[in-house]
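The values are calculated or read from the model by the stated rules, or taken from the named source; none is laboratory data. Being a predicted model, the structure only gives us computed values, none of them experimental. All Cβ positions, even for glycine, are placed from backbone atoms using ideal geometry, and neighbour counts span all protein chains on display. With ligands, DNA and RNA removed, areas are computed over all heavy atoms of the protein, side chains included. Shrake-Rupley method; radii C 1.70, N 1.55, O 1.52, S 1.80 Å.
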Amino acid sequence: MEHAIWLPYCQMKTARPPEQVVRTEGVMLHLADGRQLIDGISSWWTACHGYNHPDVVAAICQQTQEMSHVMLGGLLHQGAVQLAERLAQMIPGQENKVFFSDSGSVAVEVALKIATQHWINQGIYGKNRFVCFQDSYHGDTAGAMSICDPVDSMHSHFKGFLLDQFPTTIPKTEQQLKAFKDFLLERRDQVAGVILEPLIQMAAGMRFHSIASLKGIANLCRELGFILILDEVATGFGRTGSMFAFEQANLQPDIVCVGKGLTGGSVGLAATIATQSVYQPFHTDSSDHALMHGPTYMGNPIACAAANASLDLFEQEPRLEQVQMLEMWLSGCLEPLKAHPRVVDVRCKGAVGVVQLEDDVPLQSAIEFFVDRGCWLRPLRDVVYVAPSFTMERPQIETLCAAIREYVDTR
Ligand SMILES: Cc1ncc(COP(=O)(O)O)c(C=O)c1O
């Protein structure tokens, strides 16, 4: 049956009918026809505590009864104040500022606007473009699309519509780092900032880079006075093994974007966190220096209550230890595939396990294959991957990995 709904990243005419989910529980999706699927990708890497965690559900229910929404234009509520305080303290530096939005893409847009206006407010004009990286993905809105991989991203249709940015490759060696420095210096007067997904470029196919690369980029930004924007929308809240990926490189970003796991996978909410020095040029007597951005549902009380409950869970439950276990289990189950002739690479980091194949995986038939085995997996480009809830247990990981091994064998 044709539905009115228009689905994402989907040729509606030829796609297999989507599975109808009626209930979620823990790491399981319950389908309308009674089948159950182990969710191996935690709804695009959001449901870090598993679905329907009672603490998050209770916080949402209570907040809904008290106040489901109030605008932040001239009004404020305690949940947003508290959440901003907590997020501000999660990145290095004193008196950081937190700007809320409703999705990761918008958090990235806000970061781009903040970085651009940071210079304008100081009377420095022309620094309004960004250095970004091959294989990056930062979202589907126009500014975010412009800093995605210019060739391989799903946004290549929009080339003429998008702003020109300065894409380059992530430097991996000392020599490449030197070349990257020259690249930055040549564009110094035009560049507002450098934006990167730290350690794992997730949506482009789970591409990993080293802590040394991340550190090298950050050090150069610091040395040359470039604003470093880290997009932790996907990597934040434990996914790579630390609360934020940047912590592993012991560095100080200037702006950090978060979303996805912020509410434990329950309600849409995102935030852009800026350091005091990025914020300073906005804090003047001129109304012209204000940040002119304000999503209607920014800092929604229900979403903030969910996020505060989710952060409590990170404090009370051993999430990062669970992520360590997941990395071990995923490595143990997937690494044997390294020897497989059709496998190009197997890599695991935190709660991400990746099997990279020779060619792009045909999405529809792969989904069907995994659903037939009780698994919800959605390959990306040439990788089949697992990015589960951090509460997933070993038998479920083994089932997912067995399905992946069988898929690779029979493909
Ligand atoms: C690194 C990164 N940034 C931004 C986004 C966009 O987030 P949203 O889909 O919430 O707009 C994504 C989504 O996958 C992402 O992975």
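Computed quantities for the displayed model
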quantity	calculated
Hits in the range 329-349 - residues which are among the small types (G, A, S) and surrounded by fewer than 14 Cβ atoms within 10 Å (Cβ to Cβ)	A339
Of residues in the range 16-26 being out of contact with any helix residue (DSSP H, G or I) (no Cβ under 6 Å at 6 or more places or on another chain) and part of a loop (DSSP other than H, G, I, E, B), the one farthest from S43 (Cα to Cα)	P17
Subset of the range 244-256 [over 29 Å from I120 (Cβ atoms) and not in a loop (DSSP other than H, G, I, E, B)]	A245, E247, Q248, A249
Hits in the range 195-215 (condition: open to solvent by less than 10 Å² (accessible area, probe 1.4 Å) and either in a helix (DSSP H, G or I) or in contact with a Pro (Cβ under 7 Å, 6 or more places away or on another chain) (or both))	S213, L214
Criterion (open to solvent by less than 50 Å² (accessible area, probe 1.4 Å), free of Cβ contacts under 8 Å to residues at least 40 places away in the same chain and under 23 Å from R16 (Cβ atoms)) met by exactly one of P379, P362	P379
Test result for D182, within 16 Å of the ligand (Cβ to nearest atom) and open to solvent by 50 Å² or more (accessible area, probe 1.4 Å)	no
Unique residue being modelled with pLDDT of 95 or more and open to solvent by 10 Å² or more (accessible area, probe 1.4 Å) when the list is L320, L357, L311	L320
Options S266, S286: the member that is over 23 Å from D102 (Cα atoms) and not charged (D, E, K, R)	S286
Number of positions in the range 257-282 that are more than 11 Å from the ligand (Cβ to nearest atom), closer than 24 Å to Q117 by Cβ and either part of a loop (DSSP other than H, G, I, E, B) or open to solvent by 10 Å² or more (accessible area, probe 1.4 Å) (or both)	7
Residue match in the range 220-243 (condition: of a type outside the set (K, R), part of a helix (DSSP H, G or I) and surrounded by 15 or more Cβ atoms within 10 Å (Cβ to Cβ))	yes
Residue under evaluation V151, criteria (1) touching a strand residue (DSSP E or B) at 6+ places or on another chain (Cβ under 6 Å); (2) over 26 Å from S42 (Cβ atoms), criterion not met	(1)
Residue check, P171 assigned to a loop (DSSP other than H, G, I, E, B), surrounded by 21 or more Cβ atoms within 10 Å (Cβ to Cβ) and away from the ligand (no atom under 12 Å from the Cβ)	yes
Selection within the range 392-411 - of a type in the set (S, T, N, Q), at pLDDT 95 or above and farther than 11 Å from C333 by Cα	Q396
Inter-residue pairs, beta-carbon under 9 Å, first farther than 16 Å from S136 by Cβ and touching a residue at least 24 places away in the same chain (Cβ under 8 Å) and in the range 200-229, second of a type in the set (S, T, N, Q) and outside any loop (DSSP other than H, G, I, E, B), 6+ apart	I211/Q248; G216/Q176
The range 185-216: number of residues that are modelled with pLDDT of 95 or more and either within 16 Å of the ligand (Cβ to nearest atom) or of a type in the set (D, E) (or both)	18
Residue count, the range 318-359 (criterion: part of a loop (DSSP other than H, G, I, E, B) and under 22 Å from the mean Cα position of the chain (by Cα))	3
Within the range 144-161, considering residues that are surrounded by 18 or more Cβ atoms within 10 Å (Cβ to Cβ) and more than 16 Å from the chain's Cα centre (by Cα), the one farthest from the ligand (Cβ to nearest atom)	P150
Verdict on F133 being closer than 17 Å to A203 by Cβ and buried (at least 16 other Cβ atoms within 10 Å of the Cβ)	yes
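Results for (1) acidic (D, E); (2) without any contact (Cβ under 8 Å) to a residue 24 or more places away in the chain; (3) open to solvent by less than 30 Å² (accessible area, probe 1.4 Å), shown as yes or no for each residue.
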position: A4; (1), (2), (3): no, yes, no
position: V21; (1), (2), (3): no, yes, no
position: H30; (1), (2), (3): no, yes, yes
position: G40; (1), (2), (3): no, no, yes
position: D55; (1), (2), (3): yes, no, no
position: A58; (1), (2), (3): no, no, no
position: V81; (1), (2), (3): no, yes, no
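Conditions tested, residue by residue: (1) within 16 Å of the ligand (Cβ to nearest atom); (2) open to solvent by 30 Å² or more (accessible area, probe 1.4 Å); (3) not assigned by TED's automatic domain parsing to the domain that holds G143.
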residue	(1), (2), (3)
G74	no, yes, no
I91	no, no, no
K97	no, yes, no
F100	yes, no, no
S105	yes, no, no
A111	yes, no, no
N121	no, no, no
